[in-house]
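Structure record follows, encoded as structure tokens.
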Ligand code: TXA
Ligand code: MG
């Protein structure tokens, strides 16, 4: 059932049920992070492999002390600058965090989402929420309540509708496994440039199948059922046969879907997953998408596109 009643969502979560929650990045499939059975049910609902850890969502800084054994100064600085927002910080976990949440890792990912409905929900709960994106494992992430309903509607008790997600790509993940040396594990809503402006140069370790440091960052992910071909700029889509190909571009020109007529990267990010879903449902057998400039949130956009296109 879809609704906007925060107290209904709170009651269901208290009784160990699954509830989809809105965030500014994508919708999450949430459960009480302290209830191992409920968390296991998230993995089942998504058909998610047990080695892929979940992000724990909080609404106040007090929770960091209870969930993490240390909060290094640089991590604190990033949290104070970007929370609530599209940043997940990986820290050594306390015993309060069940192993099932972190897939047995000694580290936990924490995030304070920037969405008033979910912040209100969290403030009514005396536990944090473990939540991955609310899509079947490997498919495009949901950015509206109806995306969630379409694919996983029967797997949860309630979908808390908070409108369309404003950012549209998942959070940036920064690991503090070494407290002195932050490492970016996933490009996302907060850009590398924004992070480096706060804590100086950070290293980047965007992983794939062969790098177990950030489990779950598989080469093929965020994928449509149809084959996706990528081109380097939208002009290369102008002459593509739109009966055979669903074209996704931006700027001038006629595309099956124009992500942003003004080529604005934030607008492109917020429309990206909507476009990929429509492309998958369209009559054309193939999808062609233009990559964007590799800066700011553009890195996250290109990362999602390359993984979606990986065979
Ligand atoms: O924006 C987001 O982050 C969304 C919303 C719902 O908050 N969530 C999201 O979750 O994208 P998910 O499960 O689709 O991606 C979480 C990823 C995992 O695949 C893994 O790569 C990384 O976060 N992660 C989580 N906990 C980790 C840990 N302890 N160590 C390393 N990586 C971790
Ligand atoms: Mg996901």
Report summary line: Considering the stretch 50-60, residues that are away from ligand 2 (no atom under 12 Å from the Cβ) and surrounded by fewer than 22 Cβ atoms within 10 Å (Cβ to Cβ), and then whichever is farthest from residue 156 (Cα to Cα), we arrive at 60
Query raised in the report: Would the stretch 42-49 turn up any residue that is outside any loop (DSSP other than H, G, I, E, B) and within 18 Å of residue 180 (Cα to Cα)?
Result: no
Requested in this report: Report, by residue number, each residue of the stretch 262-290 that is farther than 14 Å from residue 222 by Cβ and under 20 Å from the mean Cα position of the chain (by Cα).
Outcome: 265, 266, 267, 268, 270, 271, 278
Report summary line: Here the residues within the stretch 138-164 that are at pLDDT 95 or above, within 13 Å of ligand 2 (Cβ to nearest atom) and either under 17 Å from residue 57 (Cα atoms) or part of a loop (DSSP other than H, G, I, E, B) (or both) are 140, 141, 142, 143
Report summary line: Residue set 119, 91; condition more than 16 Å from ligand 2 (Cβ to nearest atom), buried (at least 20 other Cβ atoms within 10 Å of the Cβ) and not in a loop (DSSP other than H, G, I, E, B); output residue 91
Query - Which numbered condition residue 134 misses (of (1) within 13 Å of ligand 1 (Cβ to nearest atom); (2) out of contact with any strand residue (DSSP E or B) (no Cβ under 9 Å at 6 or more places or on another chain)) - result: (2)
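The values are calculated or read from the model by the stated rules, or taken from the named source; none is laboratory data. Note that the structure is predicted; figures quoted are calculated from it, not measured. As a convention, Cβ positions derive from the backbone with ideal geometry for all residues, glycine included, and neighbour counts pool all protein chains shown.
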